[in-house]
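The values are calculated or read from the model by the stated rules, or taken from the named source; none is laboratory data. Treat the numbers as computed from the prediction; the structure is a model and nothing was measured. Neighbour counts are summed over all protein chains in view; Cβ atoms, including those assigned to glycine, are modelled from backbone coordinates with ideal geometry.
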Amino acid sequence: MKSYFALVRGSFMAIMMYRLSFFFTVIGNLLYIVLLYFLWSSIYRGVETIRGMSFNQAFVYVALAGSIFTMVKTWADWEISWHITSGSIIMDLVKPLDFQFYFLSQTVGFMAFNFIMIALPSALVLLLFFGADVEMGVGLLFLPAGLILAFLISFAIDYIIGLTSFYTESIWGISMTKEIITTLLSGALVPLQFFPDAAQRILRLLPFQAIYHIPLTMLTAPNLDVRACLGLLGTQVVWVVLLFLAGRLLFTRASRVLMVSGG
Amino acid sequence: MNDTVVHVDHLSKHFRILNRREGLGGAIRDLFSADYKTVRAVDDISFDIQAGEIVGYIGPNGAGKSTTIKMMTGVLKPSDGTLLVSGNEPYANRRRNAQTMGVVFGQRTQLWWDLPVIESFRILKEIYRVDDATYEKHLGMFNELVDLKALYSQPVRKLSLGQRMLCDITASFLHNPRIVFLDEPSIGLDVSVKSKIRSVIRELNRAQRTTIILTTHDLGDVEALCRRIIIIDKGKIIYDGPIGKVTALFGAYRTLKVQIHNYKEGTSDQLEAALGARFGGDAAIAVEHTETGWTDVTVNQDQVPLFDVLRFVMETLPIKDVRIVEISMENVVQQIYDGALK
Amino acid sequence: MRTLLHYVRLYVLIATQYVKARMQYRADFWISSVGMVFTSIATVFVFWVLFHSIPDLAGWSFDEILFIYAFYLLSVVPLQLFFDNIWQLRFHVVEGSFIKYYLRPINMMFYYMSDMVDLKGWVQLALGVFMLIYASQRLGLTWNLWRLGVLGMALFSSSLVAISILTIAACATFWIVGSFPVMDLALKIRDFSPYPMTIFDGFFRFLFTYLIPIGFVAFYPSQFFLRPEQVPLLTYFSPLMGIGSFALAYFVWTKGVNSYTGTGS
Ligand SMILES: Nc1ncnc2c1ncn2[C@@H]1O[C@H](COP(=O)(O)OP(=O)(O)O)[C@@H](O)[C@H]1O
Ligand SMILES: [Mg+2]
């Protein structure tokens with residue numbers, strides 16, 4: 001625990017070195033919430049509810065999606081790709097560490113920092129200054145677990161994307177495509193409820209909604225009971241397991257390529 | 001004196017940097033702090049350089065060499081003093097001056113990273129509006145000097161450090177500049193590449209009477225190339241004159257590096273005292289323990305035969321390993337402060 | 001005139017070489033282009049989902065929004081194609097490799113930007129043209145030579161605005177250590193430029209019209225074509241806005257370049 005505290009403290013200070021930069025990060029996130037407020041106000045101009053969601057629900061949903069975004073963005077795909085293309089992966093492979101968990105542990109500190117410094121303050125501002133309400137139900141109790149699982153799913157996807165660098169140089173294209181698909185199909189930009197019904201049915205079968213829609217549901221859906229919450233967590237756990245396994249499988253195959261071709 | 005290419009008069013460059021405080025609290029207070037300190041990177045220097053000279057501008061790391069070069073090439077604005085290159089203020093007339101200068105910053109290529117070398121040359125030809133005849137003549141000369149032709153179709157990023165440096169130097173002469181600045185051209189290169197680079201520089205200076213200013217912290221470079229050297233330390237010029245005097249003095253110096261078994265605090269002082277007693281105080285044998293675990297014994301061979309000192313040291317102390325190297329830049333500077341050139 | 005020709009020749013020379021070199025990574029080019037397609041149509045997709053539930057956005061129909069977005073895509077093409085190197089600026093500045101741009105007898109901004117041509121820009125160009133035609137057809141807009149001329153003029157102005165906003169944000173790196181948040185902020189703001197500025201009121205409308213004029217990237221100029229009978233007076237100032245903001249960006253760039261002190265050794 002102590003060492004984790006040291007980690008958070010270290011990165012906190014590192015950011016502090018960048019004085020103005022830090023101010024801009026904070027201002028940027030606040031401004032983003034303000035812009036969303038304007039956008040969604042005008043979407044809701046003259047109507048009470050859209051697709052069963054009130055303005056308050058929808059606004060909290062998309063604004064907090066922004067906070068989750070800063071938290072689950074791991075950059076692990078870029079990092080891994082850089083290790084592969086620069087050849088420093090050789091140094092990683094000789095370490096007596098599991099490759100996947102090695103990168104995971106490197107991103108955890110980053111996530112903790114972003115959560116404390118960016119996501120949490122943005123959420124607080126949202127609740128205090130915009131008069132937004134979240135549902136004070138059991139959903140809140142499950143939220144921490146839901147957020148951690150969301151982070152793990154996001155990492156597992158980034159990990160797989162990063163490994164594609166074994167096969168192609170183009171991390172920009174693949175990563176952007178992933179980024180867009182993840183944000184579009186997960187509820188990060190528009191609540192899932194807004195999608196046409198047929199689309200919704202498909203989206204619920206994909207892992208992306210488990211990153212945004214599930215934790216946001218815990219925050220905004222009225223009258224959630226414990227069973228529903230457990231169901232949501234269960235979905236996330238299944239995706240974590242599946243995606244982590246997929247990543248490991250891909251790594252085994254890809255590293256065989258490395259050994260044959262010499263990188 | 002109308003052949004002065006560089007005129008430097010009481011030139012200074014100061015940087016303001018933030019004083020950082022310690023710890024978490026300090027980091028937070030730094031957010032609002034305005035506590036700056038001034039680094040005098042170049043501090044009131046003066047000299048003139050004539051057309052056709054090769055001048056070695058040398059000094060230890062952090063002495064202010066690159067800062068001076070950056071001012072002369074118009075990258076940095078002087079804080080104080082006068083600086084004229086070919087009669088112009090480099091900073092004020094950056095674009096015009098660039099036409100008459102060539103610059104190489106060691107380790108940092110100015111060629112186009114992804115393009116074949118020859119394409120970089122062609123682009124430079126266009127940038128400087130070099131006519132075909134001059135261009136062909138120059139390339140021909142380089143091909144004679146160093147066989148670069150084989151490299152021309154390679155992208156720059158695939159070249160070795162030494163090959164890249166040779167190409168960069170070639171590129172800096174393509175537009176037939178009046179003056180070329182070479183900042184640490186031999187840094188990180190092995191001996192054979194170094195000597196190749198030296199011969200190229202010498203030839204280019206001879207062929208066009210190009211003025212060359214060469215910074216380095218390697219005495220070997222200047223010994224091979226320059227007749228005049230300027231030594232700078234902590235932003236101040238501590239020597240400006242013929243190289244002969246310096247090599248006569250330091251050419252005889254060698255540093256004996258020894259690894260002492262069971263080294264203890266104070267061993268080096270005892271050794272220095274013992275050497276003083278044995279060879280006399282005039283021999284001025286300096287002993288210094290370094291962080292790497294080696295103990296440096298600096299000897300002037302004109303005064304004491306190196307092997308006598310070595311034998312004495314080996315008899316006095318349990319020695320694990322021995323190396324003999326030429327005197328380092330830091331040592332030269334120390335000796336100058338101690339009055340060696342007076 | 002001679003200088004202009006010199007620069008054009010130089011740019012063509014560097015760009016063709018660069019493209020040739022990049023074409024060795026053909027797979028990268030295609031995958032990046034696909035990524036760009038996704039990035040470019042993401043906003044359309046959001047609109048599409050939204051308009052599934054609402055009839056109009058602040059009084060603008062889906063087709064009109066599509067037109068504005070197409071205009072936006074076209075106006076960021078020059079930025080993407082010719083100014084993409086601003087994304088590298090903070091790395092060059094931090095690592096000190098930026099000084100090489102001081103050392104040639106040509107304009108520094110030109111030299112710096114000529115170092116990279118981002119080929120993905122063609123995707124925005126193609127998609128922009130396609131969407132513009134599609135939206136015009138749905139809206140029953142007709143094009144003639146005069147209107148095409150106006151379009152060219154309008155796009156010229158708005159691309160200058162788009163270039164200027166990001167250039168100024170990138171220049172923050174000359175004064176601020178770790179300037180990524182500034183660029184990120186500029187990008188976040190720019191991403192709102194295909195929205196009708198009428199969704200904002202008071203301070204923010206003023207901000208996005210005069211101070212950070214993203215309104216001029218797409219919304220105001222596209223009114224010429226969408227609702228020619230009620231073009232706000234402001235729209236006629238688009239060229240002025242474009243040239244003015246680029247002049248400002250160039251001024252900031254020059255200031256930054258002159259205050260940059262390098263990173264030692
Ligand atoms: N941009 C800068 N900001 C602050 N200090 C600098 C900067 N550039 C150089 N310095 C300082 O100026 C001194 C001289 O540096 P430099 O000219 O690079 O030395 P040299 O090239 O001789 O090794 C050093 O102490 C260095 O730390
Ligand atoms: Mg230096």
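A few points about this structure:
- Taken residue by residue, segment B:203-223 has no member that is within 14 Å of chain C (Cβ to nearest Cβ), more than 16 Å from ligand 1 (Cβ to nearest atom), among the aliphatic types (A, V, I, L, M) and surrounded by 18 or more Cβ atoms within 10 Å (Cβ to Cβ).
- The residues of segment B:82-121 that are within 11 Å of chain C (Cβ to nearest Cβ), part of a helix (DSSP H, G or I) and either of a type in the set (A, V, I, L, M, F, W, C) or surrounded by fewer than 16 Cβ atoms within 10 Å (Cβ to Cβ) (or both), listed by number, are B:ARG95, B:ARG96, B:ALA98, B:ILE118.
- C:TYR260 vs. criteria within 16 Å of ligand 1 (Cβ to nearest atom), among the hydroxyl-bearing types (Ser, Thr, Tyr) and surrounded by 15 or more Cβ atoms within 10 Å (Cβ to Cβ): yes
- Counting only helices (runs of 4 or more DSSP H) that sit wholly inside segment A:181-263, those with at least 3 residues that are surrounded by 20 or more Cβ atoms within 10 Å (Cβ to Cβ) are A:213-220, A:226-261.
- Selection within segment A:153-177 - within 13 Å of the chain's Cα centre (by Cα) and surrounded by fewer than 21 Cβ atoms within 10 Å (Cβ to Cβ): none
- Being within 14 Å of chain C (Cβ to nearest Cβ), in contact (Cβ under 8 Å) with a residue 60 or more places away in the chain and either under 24 Å from A:PHE23 (Cα atoms) or surrounded by 15 or more Cβ atoms within 10 Å (Cβ to Cβ) (or both) holds for only one residue in A:ILE80, A:ILE118, A:ILE68, and it is A:ILE118.
- Top-ranked residue in segment C:209-253 [being in a helix (DSSP H, G or I), among the β-branched types (Val, Ile, Thr) and free of Cβ contacts under 8 Å to residues at least 60 places away in the same chain; ranked as farthest from ligand 2 (Cβ to nearest atom)]: C:THR235
- Residue satisfying all of: in segment B:185-201; touching a residue at least 60 places away in the same chain (Cβ under 8 Å) and either of a type in the set (Ser, Thr, Tyr) or crowded, with 21+ Cβ neighbours inside 10 Å (or both); farthest from ligand 1 (Cβ to nearest atom) among these: B:ILE201
- Some residue of segment C:56-74 being surrounded by fewer than 22 Cβ atoms within 10 Å (Cβ to Cβ) and over 21 Å from C:TYR220 (Cα atoms): no
- Test: residue in segment B:131-152 that is under 26 Å from C:MET116 (Cβ atoms) and either touching a residue at least 40 places away in the same chain (Cβ under 8 Å) or within 16 Å of ligand 1 (Cβ to nearest atom) (or both): no
- Extreme residue, nearest to ligand 1 (Cβ to nearest atom), among residues of segment B:59-72 that are modelled with pLDDT under 90 and more than 8 Å from chain C (Cβ to nearest Cβ): B:GLY59
- Of the numbered criteria (1) of a type in the set (A, V, I, L, M); (2) closer than 15 Å to B:GLU330 by Cα; (3) touching a Pro at 6+ places or on another chain (Cβ under 8 Å), the one B:ILE260 fails is (2).
- On the stretch given as segment C:22-41, residues that are free of Cβ contacts under 8 Å to residues at least 40 places away in the same chain, facing chain A (nearest Cβ under 7 Å) and either closer than 16 Å to C:ALA126 by Cβ or in a loop (DSSP other than H, G, I, E, B) (or both) total 4.
- Only one of C:PHE67, C:PHE47, C:PHE71 that is within 26 Å of C:THR142 (Cβ to Cβ), within 13 Å of chain A (Cβ to nearest Cβ) and at pLDDT 90 or above: C:PHE47
- Cβ-Cβ under 6 Å pairs, at least 6 apart or on other chains, segment B:55-72 side in the same structural domain as B:ASP218 (by TED's automatic domain parsing) and within 25 Å of C:VAL257 (Cβ to Cβ), far side near ligand 1 (Cβ under 6 Å from one of its atoms) and not in a loop (DSSP other than H, G, I, E, B): B:GLY64/B:ALA41; B:THR67/B:ALA41
- Evaluation of B:SER186 against (1) within 29 Å of A:SER86 (Cβ to Cβ); (2) under 18 Å from the mean Cα position of the chain (by Cα); (3) outside any loop (DSSP other than H, G, I, E, B); (4) of a type outside the set (A, V, I, L, M) (one fails), failing number: (3)
- Filter result for the condition that a residue is free of Cβ contacts under 8 Å to residues at least 12 places away in the same chain and either in contact with a Lys or Arg (Cβ under 8 Å, 6 or more places away or on another chain) or crowded, with 20+ Cβ neighbours inside 10 Å (or both), over C:TYR111, C:TYR102: C:TYR111
- Boolean, B:VAL75 is within 19 Å of the chain's Cα centre (by Cα), within 7 Å of chain C (Cβ to nearest Cβ) and aliphatic (A, V, I, L, M): yes
- Here the condition is being more than 24 Å from B:HIS217 (Cβ to Cβ) and touching a Cys at 6+ places or on another chain (Cβ under 6 Å); of B:VAL117, B:VAL130, it holds for B:VAL117 alone.
- Matching residues, segment C:192-208, being outside any helix (DSSP H, G or I) and modelled with pLDDT of 90 or more: C:PHE192, C:SER193, C:PRO194, C:TYR195, C:PRO196, C:PHE200
- Some residue of segment C:225-240 being more than 16 Å from ligand 1 (Cβ to nearest atom), under 24 Å from A:TYR37 (Cβ atoms), of a type outside the set (D, E, K, R) and modelled with pLDDT of 90 or more: no
- Filtered by the rule that a residue be in contact with a helix residue (DSSP H, G or I) (Cβ under 6 Å, 6 or more places away or on another chain) and within 16 Å of ligand 2 (Cβ to nearest atom), segment B:59-100 gives B:GLY59, B:PRO60, B:VAL75, B:LEU76.
Yes or no, residue by residue, for (1) within 30 Å of B:THR109 (Cβ to Cβ); (2) more than 11 Å from every other protein chain (Cβ to nearest Cβ); (3) under 13 Å from the mean Cα position of the chain (by Cα):
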{"residue": "C:SER53", "(1), (2), (3)": "no, no, no"}
{"residue": "C:LEU57", "(1), (2), (3)": "no, no, no"}
{"residue": "C:PRO78", "(1), (2), (3)": "yes, yes, yes"}
{"residue": "C:LYS100", "(1), (2), (3)": "yes, no, no"}
{"residue": "C:ALA126", "(1), (2), (3)": "no, yes, no"}
